[in-house]
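Structure record follows, encoded as structure tokens.
The values are calculated or read from the model by the stated rules, or taken from the named source; none is laboratory data. Here the structure is a predicted model, which is why all the values come from computation and not from measurement. Because the Cβ atoms are built from the backbone with ideal geometry, glycine has one as well, and the counts that use them run over all protein chains shown.
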Amino acid sequence: MLLTILLLLLSQQALALVTQNGTACTVTPLGTSSTADDTPQVLDAFKKCGQDGSITFSEGTYYIGQIMDTTNLRNVDISIYGTFIWSTNVQYWLSHSISVVYAGRSTAWRIGGTNITMRGYGKALFDGNGQTWYDQNKNNGNQNGRPISLTLWNAKNILVDGITWRQSQFWHTFVAHSENVTMTNLVMSSVSNSQWKTVNTDGTDTWNSKDVTISNWTVTCGDDCISVKGNSTNINVSNIVCHESGAMCIGSIGSNAVQPDYVENVVFDNITLTHSSNAAWIKTYPGTGHVKNVLFRNIQFTNVNQPIYISPCIYSGQNCDSSRLQISDVRWENISGTSRYNVGAGMHCSSSAPCQNLTFANIDIKPMNGGTIEYLCSNIANQKSMGLTCTGTCPANWAQQLTGNH
Ligand SMILES: *[C@@H]1O[C@H](CO)[C@@H](O)[C@H](O)[C@H]1NC(C)=O
Ligand SMILES: *[C@@H]1O[C@H](CO)[C@@H](O)[C@H](O)[C@H]1NC(C)=O
Ligand SMILES: *[C@@H]1O[C@H](CO)[C@@H](O)[C@H](O)[C@H]1NC(C)=O
Ligand SMILES: *[C@@H]1O[C@H](CO)[C@@H](O)[C@H](O)[C@H]1NC(C)=O
Ligand SMILES: *[C@@H]1O[C@H](CO)[C@@H](O)[C@H](O)[C@H]1NC(C)=O
Ligand SMILES: *[C@@H]1O[C@H](CO)[C@@H](O)[C@H](O)[C@H]1NC(C)=O
Ligand SMILES: *[C@@H]1O[C@H](CO)[C@@H](O)[C@H](O)[C@H]1NC(C)=O
Ligand SMILES: *[C@@H]1O[C@H](CO)[C@@H](O)[C@H](O)[C@H]1NC(C)=O
Ligand SMILES: *[C@@H]1O[C@H](CO)[C@@H](O)[C@H](O)[C@H]1NC(C)=O
């Protein structure tokens with residue numbers, strides 16, 4: 001009885017912290033103790049003001065202990081001045097994270113609808129408490145239920161701007177089944193302080209989405225910085241600085257051999273990379289579909305393991321030459337910096353679907369550890385006229401990351 005009254009009081013108090021004026025909601029955090037869950041009032045604000053309204057999250061710390069599924073938004077402006085901290089209840093998240101379908105992944109927060117702005121004004125901070133996730137995952141790959149921080153799901157005409165992420169649980173963001181998406185002025189940083197690596201803390205991944213603009217980001221993540229996955233069209237990425245990442249990546253795509261993946265019209269422009277595994281690259285499984293009309297331009301880097309890389313058989317290194325996923329019309333222009341070893345590019349295209357119309361201009365890659373820079377190429381249809389002199393062939397199962405000079 002006492003507990004019931006207490007809970008009732010608590011929940012009334014929680015609800016009281018959303019003040020509403022018409023469809024303008026202002027939320028203030030409970031802020032009473034570190035275990036008080038702010039999720040109910042956050043969701044309450046979305047319910048009350050998420051359509052033809054506005055929601056303001058005042059300064060302070062919001063403790064997020066539950067999933068948030070806010071996918072029915074319409075004409076809403078969301079302003080966030082506070083910090084959102086996600087709970088470390090691993091068992092809760094593993095069993096409750098919301099499915100995002102792609103590769104069995106799931107998310108802590110799904111946001112969707114039409115005409116949405118979500119602005120952080122450089123003040124919003126999303127803290128995933130990721131160290132708990134890195135430590136329990138122990139360097140394993142994708143873990144079912146480990147939640148993506150924020151997923152844009154069925155979102156149309158959405159702006160996400162001025163938000164900082166720290167210690168993301170898994171991928172920082174995911175853009176799926178969305179169109180006309182603008183994500184600008186974002187800062188992401190996930191770094192493990194233990195023996196275990198962050199693993200799969202991508203900056204963002206796009207999938208089944210079109211008309212996406214990504215600009216002005218600084219990312220430190222330990223995995224792909226910007227990754228364009230299957231069925232992504234018209235994706236413009238510019239003014240990005242990435243540290244410790246997989247940098248600018250198309251893929252992985254083609255994982256489901258009976259389902260084609262298409263990637264078309266992608267621009268990566270003005271990108272700076274430090275100490276990354278790759279710089280401007282394409283990774284596919286031996287599947288079907290195509291990668292077409294991609295431009296990597298003005299990419300400069302320092303100490304990148306293997307700057308340019310193409311693999312038709314990522315991870316397994318098997319059946320490389322049976323991939324029918326066609327890569328064509330890809331251009332690398334003004335690509336400069338230092339590679340960790342003496343390989344500037346390792347490109348093996350599938351002999352069943354040789355790469356068509358790859359072009360290169362103004363490529364200036366210098367090896368850090370001596371030797372002469374090498375460009376390894378196999379199964380590129382226009383190799384002779386592509387603007388880059390290949391120095392040798394590239395084996396089918398060529399590694400994404402090298403451990404020494406070739
Ligand atoms: C509610 O909003 C209206 C219109 O924006 C404003 O005039 C009014 O002062 C607000 N009321 C309160 C209590 O803030
Ligand atoms: C979204 O905004 C556009 C332009 O303001 C408007 O025409 C459209 O009706 C809005 N969509 C919805 C679902 O309200
Ligand atoms: C695209 O979304 C932006 C908000 O990010 C909006 O201002 C713009 O009107 C949308 N464009 C179209 C064609 O609806
Ligand atoms: C991307 O850039 C290209 C060329 O600069 C432009 O034609 C296209 O409209 C842009 N797409 C988006 C989604 O902004
Ligand atoms: C990107 O950042 C620069 C300053 O660093 C700013 O002038 C520009 O408006 C930003 N672009 C966008 C799209 O927000
Ligand atoms: C390139 O991006 C950097 C941020 O990484 C920005 O400061 C600079 O203004 C951009 N250059 C151009 C030409 O947009
Ligand atoms: C990608 O688009 C194609 C063609 O529309 C479709 O057949 C395929 O199922 C889509 N792939 C995924 C993973 O949704
Ligand atoms: C090449 O790219 C770098 C960095 O992105 C940029 O600073 C430089 O101006 C570009 N050079 C040309 C010739 O466009
Ligand atoms: C080669 O690809 C470029 C884009 O990188 C495109 O502009 C050009 O038209 C393509 N050439 C042919 C012959 O298809």
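Figures for the structure shown
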| item | result |
| --- | --- |
| From R119, R110, R74, residue being under 16 Å from W171 (Cβ atoms), touching a residue at least 40 places away in the same chain (Cβ under 8 Å) and either of a type outside the set (A, V, I, L, M, F, W, C) or in a loop (DSSP other than H, G, I, E, B) (or both) | R110 |
| Top-ranked residue in segment 48-59 [being over 28 Å from the mean Cα position of the chain (by Cα) and farther than 18 Å from Y81 by Cβ; ranked as surrounded by the most Cβ atoms within 10 Å (Cβ to Cβ)] | K48 |
| Inter-residue pairs, beta-carbon under 8 Å, first without any contact (Cβ under 8 Å) to a residue 60 or more places away in the chain and in segment 136-147, second among the β-branched types (V, I, T) and assigned to a helix (DSSP H, G or I), 6+ apart | Q136/V90 |
| Unmet criterion (only one of (1) of a type outside the set (F, W, Y); (2) in contact with a His (Cβ under 7 Å, 6 or more places away or on another chain); (3) modelled with pLDDT under 95) for A257 | (2) |
| Conditions (1) within 16 Å of ligand 8 (Cβ to nearest atom); (2) farther than 11 Å from A279 by Cβ: number failed by F296 | (2) |
| Residue check for T184: out of contact with any Ser or Thr (no Cβ under 8 Å at 6 or more places or on another chain), part of a strand (DSSP E or B) and farther than 24 Å from G65 by Cβ | no |
| Some residue of segment 247-259 being at positive phi, away from ligand 7 (no atom under 16 Å from the Cβ) and crowded, with 23+ Cβ neighbours inside 10 Å | yes |
| Candidates G65, G31, G22, filtered to the one that is modelled with pLDDT of 95 or more, over 26 Å from N115 (Cβ atoms) and surrounded by fewer than 21 Cβ atoms within 10 Å (Cβ to Cβ) | G65 |
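For (1) closer than 21 Å to A124 by Cβ; (2) hydroxyl-bearing (S, T, Y), each residue gets a yes or a no:
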| site | (1), (2) |
| --- | --- |
| I158 | yes, no |
| T182 | yes, yes |
| S190 | yes, yes |
| W196 | no, no |
| V212 | yes, no |
| N216 | yes, no |
| S227 | no, yes |
